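Let me begin by presenting the structure, written as structure tokens, before commenting on it.
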């Protein structure tokens, strides 16, 4: 028939002899539908693209894939849902992350040395302390709460003032702590936790450690109470 040739297959697509592709005709005939679909996709994806450009997390960020609030001491968190292990001091900022519910963690410092000097009223006092095998025993009670028992099995303390030297050695103080994570335990841009504690004077009289977790009570002051706070920015820490 004049002006029309037989269809030919070229690269898997049928074309007319006049050179116009069948798909081009299809796009032209459905141009209005394609335009509308493109506009709808743009509206749906615009908030996500803006959030990525601004560095803002989507609403689901920081939330675990499962509801870990159902786990507790007697219903432990499954192994596949455990968060990465983290530790608290000494010598570092308190971690805002807790031990997973139903799990146990031991943190131990084999040997620690502390040196300090204080001057007042024209006198200088020097302190040297060795801590051996100090440890923090941690137990996950809930997904956002753990209990900690800090022990100081053996401490050696030297105090010098002028020509006088006093040596004290033995078991140190005992500290009980509870850490509660307010947010960021299982992900997110930041994490925050508070740790109230009570320190029992189980050391020898007057042998108060210079280092350790929490403030150092004065000799004879007895039990000490306090509150620690820990905050973390995982993104900034990863960049460093």
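Scan (1) buried (at least 19 other Cβ atoms within 10 Å of the Cβ); (2) in contact (Cβ under 8 Å) with a residue 40 or more places away in the chain for the single condition residue 199 breaks and write down its number. Unmet condition: (2). Of everything in segment 90-109 that is in a loop (DSSP other than H, G, I, E, B), more than 13 Å from residue 144 (Cβ to Cβ) and at pLDDT 95 or above, the residue that is farthest from the chain's Cα centre (by Cα) is 102. For residue 211, all conditions in the list (1) closer than 17 Å to residue 136 by Cα; (2) modelled with pLDDT of 95 or more hold save one; what is the number of the exception? Failed condition: (2). Among the candidates 147, 112, 133, the residue that is at pLDDT 85 or above, surrounded by 10 or more Cβ atoms within 10 Å (Cβ to Cβ) and within 18 Å of residue 195 (Cβ to Cβ) is uniquely 147.
Of the strands (runs of 3 or more DSSP E) lying entirely inside segment 146-190, the ones with 3 or more residues being within 18 Å of the chain's Cα centre (by Cα) are found at 174-183.
The values are calculated or read from the model by the stated rules, or taken from the named source; none is laboratory data. Predicted, not measured: the structure shown is a model, and the values here were computed from it. Counting neighbours? That spans all protein chains shown, and the Cβs are built from the backbone with ideal geometry, glycine included.
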